[in-house]
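What follows is a single structure, written as structure tokens, with notes after it.
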């Protein structure tokens with residue numbers, strides 16, 4: 001079985017990944033698309049989370065805001081993930097040894113688990129959040145956790161180019 005490093009070397013040597021990595025404009029345009037789509041996605045998630053924790057948009061029912069924002073959140077999430085994967089493919093050896101890249105991935109995984117749990121369990125009681133303190137507590141907790149995790153994802157992602165922990 002080949003090692004992960006050999007597979008990453010193979011990926012880095014592909015024509016399109018080399019061209020993208022060495023391009024003066026391609027990588028910059030891809031990074032810009034990644035940041036822009038991440039901002040759209042994260043901004044919409046933060047709007048929902050702020051409603052869940054009761055800090056914003058309190059005049060509207062939480063369930064109504066979630067129903068309206070979710071399709072737009074996914075419209076930001078998909079290009080953010082696609083551009084992120086392409087960025088990784090363009091320079092896999094650099095990212096593989098980057099501690100903050102792994103921190104970002106771990107936080108992304110935790111944020112994903114939180115979102116899945118929210119949609120599979122907590123969101124089922126969304127119509128009662130405004131009347132039921134127990135459902136509202138679970139939604140409040142999910143929103144607070146989401147705010148913390150997505151903030152960490154954004155900070156770690158922004159710090160990836162400045163990985164002070166990379167000793168390789």
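Readers should treat all values here as calculations from the given coordinates under stated rules, not as data from a laboratory. For clarity, every value in this text was computed on a predicted model and none was experimentally measured. All Cβ positions, glycine included, derive from the backbone under ideal geometry; neighbour counts span all protein chains shown.
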Cα long-axis angle, helix 26-52 against the chain (0 to 90 degrees, to the nearest 10): 20
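Based on other C-beta atoms within 10 Å, arrange 24, 122 from fewest to most. Write down the numbers at each step before the final one.
Working: 24 6, 122 21.
The order, fewest Cβ neighbours first, is 24, 122.
How would you rank 17, 125, 137, 25, going from fewest to most other Cβ atoms within 10 Å of each one's own Cβ?
Values: 17 18, 125 15, 137 12, 25 7.
By the 10 Å Cβ count, ascending: 25, 137, 125, 17.
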Computed over the chain: relative contact order in percent, which uses C-alpha pairs under 8 Å that are six or more apart: 30
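Based solely on its DSSP helices, what 222 nm [θ] is calculated for the chain when runs of n ≥ 4 H residues each add -39,500 (n - 2.57) and the sum is averaged over all residues, nearest 500 deg cm²/dmol? Present the calculation step by step, with values, prior to reporting the outcome.
Details: 7 runs with 128 residues, N = 168.
-26000 deg cm²/dmol, from helical runs alone.
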Nearest 10 degrees, 0 to 90: helix 4-13 Cα axis against the chain principal axis: 70
